[in-house]
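The values are calculated or read from the model by the stated rules, or taken from the named source; none is laboratory data. Since we're looking at a predicted model, the values are computed, not measured. Cβ atoms come from the backbone with ideal geometry, glycine included; neighbour counts cover every protein chain shown.
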């Protein structure tokens, strides 16, 4: 399976790299491509993994991709994703996936920084956030090459143990979804 990873370069999301480290056949793009080039890469791959910061409207480009409107994945990209095996990990990806009737593993609001925790009345404890971030990335990375439904079930189970004692992980765990 040919995998495309779209992970705009941003130091605050480096922990997500562990998700795709062990994928054997992958193309990783962190910036430097135009929208048209990214669209062509999406068409040439079977599985698309999209990681970083975003909104209900898509995955932010964080200034890393030329000619973007602030997004590297947005409503124009949605149709290209329709028949792919997809993973969407960014804040409010659920609204994007559901609006465009897409399939895959995805997150709702995903707290990965102190400021985000405070907005949602969670403890802004950096240690808890880092533990949640690193555990999530490690666990998703450990199941990334399994069929999507198996990966989702195992991720929910294994990340769920941390949710029992870490309120950041609990918040994020409750917002992991799969649409088949």
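For the stretch 102-121, enumerate the residues that are farther than 24 Å from residue 48 by Cβ, surrounded by fewer than 20 Cβ atoms within 10 Å (Cβ to Cβ) and touching a helix residue (DSSP H, G or I) at 6+ places or on another chain (Cβ under 8 Å).
Correct list: 113, 114, 120.
Across the stretch 148-179, what is the number of residues that are more than 17 Å from the chain's Cα centre (by Cα) and loosely packed, with under 15 Cβ neighbours inside 10 Å?
Result for the stretch 148-179: 5.
Could you check the stretch 46-91 and list, in sequence order, the residues that are in contact with a strand residue (DSSP E or B) (Cβ under 8 Å, 6 or more places away or on another chain), surrounded by fewer than 20 Cβ atoms within 10 Å (Cβ to Cβ) and part of a loop (DSSP other than H, G, I, E, B)?
46, 53, 57, 64, 67, 70, 84
List, please: which pairs have Cβ atoms under 7 Å, are six or more places apart or on different chains, and start with a residue in the stretch 68-84 that is closer than 15 Å to residue 33 by Cβ and end with one that is assigned to a helix (DSSP H, G or I) and modelled with pLDDT under 95?
Going by the 7 Å Cβ cut-off, the qualifying pairs are 68/35.
Being surrounded by fewer than 20 Cβ atoms within 10 Å (Cβ to Cβ), within 17 Å of the chain's Cα centre (by Cα) and outside any helix (DSSP H, G or I) is the filter here; which residues of the stretch 125-146 pass it?
Scanning the stretch 125-146 gives 145, 146.
Of all residues being out of contact with any strand residue (DSSP E or B) (no Cβ under 7 Å at 6 or more places or on another chain) and either assigned to a strand (DSSP E or B) or at pLDDT below 95 (or both) in the stretch 13-31, which is surrounded by the fewest Cβ atoms within 10 Å (Cβ to Cβ)? Just the residue, please. Give the derivation first.
At the first step, the residues of the stretch 13-31 found to be out of contact with any strand residue (DSSP E or B) (no Cβ under 7 Å at 6 or more places or on another chain) are 14-15, 17-18, 21-22, 24, 30-31.
Then drop every residue that is not either assigned to a strand (DSSP E or B) or at pLDDT below 95 (or both), which leaves 22, 24.
On the way: 22: 11, 24: 7.
If we take residues in the stretch 13-31 being out of contact with any strand residue (DSSP E or B) (no Cβ under 7 Å at 6 or more places or on another chain) and either assigned to a strand (DSSP E or B) or at pLDDT below 95 (or both), then 24 is surrounded by the fewest Cβ atoms within 10 Å (Cβ to Cβ).
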